[in-house]
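K.L.:
Can you keep this structure in mind? I'll have questions shortly.
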Amino acid sequence: MNKENLDKIGKEIKSCQRCALAKTRTNCVPGKGNPEADLLFVGEAPGKNEDLRGEPFCGRAGEVLDQLLQVAGRMRSEIFIANILKCRPPGNRNPSPDEIKLCTPYLIRQIKVIQPKIICCLGNFSSSFIMEKLGLANKIQGVGKIHGKVFIPPKAGSLKVIPLYHPASAIYNPGMIKVLAKDFEMLKNIPV
Ligand code: URA
């Protein structure tokens with residue numbers, strides 16, 4: 001059931017013309033993974049490789065994410081990976097506020113279908129958006145301050161939100177891999 005609903009959202013995303021990124025994309029990247037996942041990872045936006053393949057985190061940041069998932073004892077096949085934006089911003093620039101506003105209704109629908117127990121937000125854009133939406137606006141800070149902390153949104157059952165550094169941060173700053181690994185290690189011990 002979740003699969004059919006996610007496929008339907010994916011189809012809509014693939015024909016989306018809501019913003020100008022529709023003109024520059026090669027492929028949309030709706031997201032990929034287990035429709036029944038307990039753990040949902042939300043990144044920022046597709047990069048060059050993701051745009052070419054239509055899959056999330058399949059470039060260098062994806063290699064780092066795979067390494068970290070191993071640390072967390074998780075496989076891609078058991079989690080779901082989505083992004084704030086479903087199309088690549090040219091030159092990997094930051095998502096604009098308008099793009100976020102127009103695109104995120106898709107993500108919200110995906111979250112409602114999957115009903116994950118934990119949402120791991122990768123980077124500042126993802127953390128701010130998810131925390132805002134889930135009634136945690138008063139807890140938003142730069143990811144450097146809140147990474148690895150577990151937030152319980154009000155009125156969302158036992159859902160947990162965990163901001164994490166974006167895996168791409170370890171590409172430009174190799175020292176970050178240790179910080180990321182420590183946070184992912186902690187994921188092992190969080191009951192879902
Ligand atoms: N970075 C992201 O935030 N998402 C992807 O899918 C790839 C790189």
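The values are calculated or read from the model by the stated rules, or taken from the named source; none is laboratory data. If you're wondering where the values come from, they're calculated on a predicted model, not measured in any experiment. Virtual Cβ from ideal backbone geometry, glycine too; neighbours counted across all protein chains shown. These area figures cover heavy atoms from the full protein model, side chains too; ligands, DNA and RNA do not enter into them. Shrake-Rupley method; radii C 1.70, N 1.55, O 1.52, S 1.80 Å.
K.L.:
Kindly provide the set of residues from the range 89-111 that are touching a residue at least 40 places away in the same chain (Cβ under 8 Å) and closer than 24 Å to K3 by Cα, ordered by number.
P.N.:
Those that are touching a residue at least 40 places away in the same chain (Cβ under 8 Å) and closer than 24 Å to K3 by Cα: L102, C103, Y106, L107, R109, Q110, I111.
K.L.:
Give the number of residues within the range 114-169 that are of a type outside the set (S, T, N, Q) and at pLDDT below 95.
P.N.:
3
K.L.:
Go through the range 144-156 and give me each residue that's over 19 Å from the mean Cα position of the chain (by Cα) and open to solvent by less than 70 Å² (accessible area, probe 1.4 Å).
P.N.:
none
K.L.:
Looking at G62, G91, which one is under 15 Å from K32 (Cβ atoms) and within 16 Å of the ligand (Cβ to nearest atom)?
P.N.:
G62
K.L.:
Could you tell me which residue of the range 164-192 is farthest from Q70 (Cα to Cα), considering only residues that are part of a loop (DSSP other than H, G, I, E, B) and among the small types (G, A, S)?
P.N.:
Per the criteria, the residue is G175.
K.L.:
Another question, then. Output the residue which, of all residues in the range 28-54 that are more than 20 Å from I100 (Cβ to Cβ) and open to solvent by less than 60 Å² (accessible area, probe 1.4 Å), is farthest from the ligand (Cβ to nearest atom).
P.N.:
That would be D38.
K.L.:
Which residue pairs have Cβ atoms closer than 6 Å, lie 6 or more positions apart in sequence or on different chains, and pair a first residue in the range 35-64 that is among the aliphatic types (A, V, I, L, M) with a second residue that is within 8 Å of the ligand (Cβ to nearest atom)?
P.N.:
V42/S126; A45/N83; A61/P167; A61/A168; V64/P167
K.L.:
Does any residue of the range 102-118 turn out to be surrounded by 14 or more Cβ atoms within 10 Å (Cβ to Cβ), under 20 Å from G10 (Cβ atoms) and of a type in the set (S, T, Y)?
P.N.:
yes
K.L.:
Does any residue in the range 147-167 that is within 15 Å of the ligand (Cβ to nearest atom) come within less than 9 Å, Cβ to Cβ, of a residue that is assigned to a loop (DSSP other than H, G, I, E, B) and charged (D, E, K, R) six or more places away or on a different chain, and which pairs are these?
P.N.:
That search, which allows pairs on different chains as well, returns P163/K149; H166/E44.
K.L.:
Another question about this same structure. Could you please give the count of residues in the range 111-146 that are touching a strand residue (DSSP E or B) at 6+ places or on another chain (Cβ under 8 Å) and away from the ligand (no atom under 14 Å from the Cβ)?
P.N.:
Qualifying residue count, the range 111-146: 11.
K.L.:
Give the residue, chosen from A137, A181, A170, that is farther than 14 Å from G43 by Cα, crowded, with 23+ Cβ neighbours inside 10 Å, among the small types (G, A, S) and over 15 Å from the mean Cα position of the chain (by Cα).
P.N.:
One residue alone meets the criteria, A170.
K.L.:
For the range 8-109, list the helices (runs of 4 or more DSSP H) that sit wholly inside it and hold at least 2 residues that are among the small types (G, A, S); which are they?
P.N.:
60-72
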